1. Considering only residues that are modelled with pLDDT of 60 or more and among the hydroxyl-bearing types (S, T, Y), look in region 214-249 and name the one that is nearest to R147 (Cα to Cα).
2. With the structure loaded, tell me whether L258 is among the aliphatic types (A, V, I, L, M), crowded, with 20+ Cβ neighbours inside 10 Å and modelled with pLDDT under 95 or whether it fails that test.
3. Residues that are among the aromatic types (F, W, Y): list the helices (runs of 4 or more DSSP H) wholly contained in region 272-341 that include at least 3 such residues.
4. Tell me, which residue of region 138-170 that is at pLDDT 95 or above and over 24 Å from L206 (Cβ atoms) is surrounded by the fewest Cβ atoms within 10 Å (Cβ to Cβ)?
5. Being on the phi > 0 side of the Ramachandran plot and open to solvent by 20 Å² or more (accessible area, probe 1.4 Å) narrows it down to one residue among Q215, Q222; which is it?
6. Sort out which residues of region 107-130 are open to solvent by 30 Å² or more (accessible area, probe 1.4 Å), farther than 21 Å from I200 by Cα and at pLDDT 95 or above, and write them in order of number.
7. Restricting to region 170-226, count the residues that are over 25 Å from T97 (Cα atoms) and in a strand (DSSP E or B).
8. Out of the residues in region 77-106 that are assigned to a loop (DSSP other than H, G, I, E, B) and charged (D, E, K, R), state the one that is least open to solvent (accessible area, probe 1.4 Å).
Amino acid sequence: MDAEKSSSSSFEDLSNLNEQERAELASSVLEPAHMKTPEIGRSTADQKNESEPNASEENEADSECMDILGNGTLLKKVLKKGHSELRPESKDLVTITYTGRLEDGTVVEEHSNVVVQIDDVEVVQGLDMALKLMNEGEVAEVIVNPRFAYGELGLKDPTELDPVIRSVPPNATITYTVTLVSMREESDIEARTYTSRKEIGNKKRLRGNYWMKRQEYNLAIQSYRRALEYLDDTVSAGGMMESGAGSVELSNTELQDLLEDRMKVYNNLALAQLKISAYEAALKSVDHVLKCQPNNAKALFRKGKILDAKGDTAGAITLLQKAATIDVDDKLIQSELSKLILKSKREARNERDLYQKMLGQAQKLEQKTKIAPAAQNNESSKMMMWGYLVGTILIGVVGVAIFRYNNP
C-alpha cells in the first residue's frame, strides 16, 4: 500500500519540448549587444564606453548577506551580479547550475543546466525560495539551514528520483553556489503535447512521492495537485485532446495510461490528506478513484482508513472486507481489517457496559422514589396512633374529673 517509488529525476527535460516551447525558450535569451542600433548623433565607441561596465563592475559582488527569512536560517550572498533586472516569479521555469556543499566542503549535490519550476519544490525549499530573489545571469551563494534542506532525516542513500545527489547527514547545513542561467514563463498546459503533459505530470507525481517518504505531507499535496493540472481533465468524452498541434485523438492505450496516472495521483493525494487529518478532502480524492475504478483495492483501503478516522468503524470494516476479497494476498489489508473488527467488538462491549451502568442507576433511582412514599405513610400512621392515644387519655382524665365533681 505504499506510495509508488520514484523512478526518475524531478527536473523537466528540455528534449521533450515541442516547437512552440523551444521558440519560447529561444526568445527568452537577451538580444546580443552587437545587434543593438547605435543612437543618432553619438559614436558607437561613446555608447559602448557608457553602456558596457568594466570587468570589475560586472563581477562586483555584494559584501553583505541577505537574511531572507529574518532569522538566519536562509542566507543569500551575490557572488556575481546578473546581466538583467528580471527575476523569476511563481511557476516560471528557470535553468540553473548549482553545487551543494556541506560545512566541511564535501559536495553532496551537483547539477548543470537543469530546468526547475519556481515554487514547485523541485529542489530543496531553501534554494527554491532563494531563486525568486536572483536576477537572470546572477551567481549567488545560498546557505540553507537543515530545516529548509534535508532536515533531521538527512539523505542516507542516493535516491532513484535524483541519482546525482550524494549522502547528506542529518541536520546538515548546505551551502549552494547557484547560477541562474535563464528563465521563462510557463506555457499554457493546453498548448503542450500529450507526451509532454504526461511526462511532466508524472515527474510532479514522483516529486510528491518523494515528499511523502520524507513525511512532508503538505509539500506532497502541493506536488500532487500540480501533477493533476497536467494529467486531469485533458481529454474530452470522445477521446480528443487539445494541444499545440490542434485536436488530437488518443488511442485506447494512451487513454488507459492517462487514467492510470491520474488514479495513482488521486490515491496518493488521499493518503497525504489523511495524514494531516483533512478527512473531507481525502474522501473527495479517493472518490475520484472509486468513480472510475470501483474495485480498486488500494482506494477501498484508503477510504476505509478515512472512515475509521472519522469514527465510522462499521463503514470502514465494510470497505476493507471488500478490498480483502479483491486483493486476497495483501497482508496489510488483512491486518487492518482484523484490528478494526477487534475495535468494533471493544466499542460494542464498552457501549453495552455503559448502557447497563445507566440502566442500573435508573433502577436505583426508581427504588428510591418508591421507598420515599412508604416511609411517609409509616410516619403518618404513627402520628395518627399517637393522636388516638393522647385523645383517649384526655377523655379519661376529663371523665374522672367530672365524676369527682358530681360525687364530692
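1. Looking at residues that are modelled with pLDDT of 60 or more and among the hydroxyl-bearing types (S, T, Y), I get Y217.
2. Working: among the aliphatic types (A, V, I, L, M): yes; crowded, with 20+ Cβ neighbours inside 10 Å: yes; modelled with pLDDT under 95: yes.
Answer is yes for this residue.
3. Helices (runs of 4 or more DSSP H) meeting the threshold: none at all.
4. Result: E141.
5. Details: Q222 fails: on the phi > 0 side of the Ramachandran plot.
The unique qualifying residue is Q215.
6. Once the filter is applied, which keeps residues that are open to solvent by 30 Å² or more (accessible area, probe 1.4 Å), farther than 21 Å from I200 by Cα and at pLDDT 95 or above, region 107-130 yields only M129.
7. Of the residues in that region, 0 qualify.
8. Applying the first criterion (assigned to a loop (DSSP other than H, G, I, E, B)) to region 77-106 yields 81-92, 102-106.
Those left that are additionally charged (D, E, K, R): 81, 85, 87, 89, 91-92, 103-104.
Working: K81: 87, E85: 160, R87: 106, E89: 127, K91: 60, D92: 17, E103: 159, D104: 118 Å².
That would be D92.
The values are calculated or read from the model by the stated rules, or taken from the named source; none is laboratory data. Since this is a predicted model, take the numbers as computed values, not measurements. In this analysis, Cβ positions are derived from the backbone assuming ideal geometry, glycine residues included, and neighbour counts consider all displayed protein chains. We work out accessible area using only protein heavy atoms, side chains counted, and drop any ligands, DNA or RNA first. Shrake-Rupley method; radii C 1.70, N 1.55, O 1.52, S 1.80 Å.
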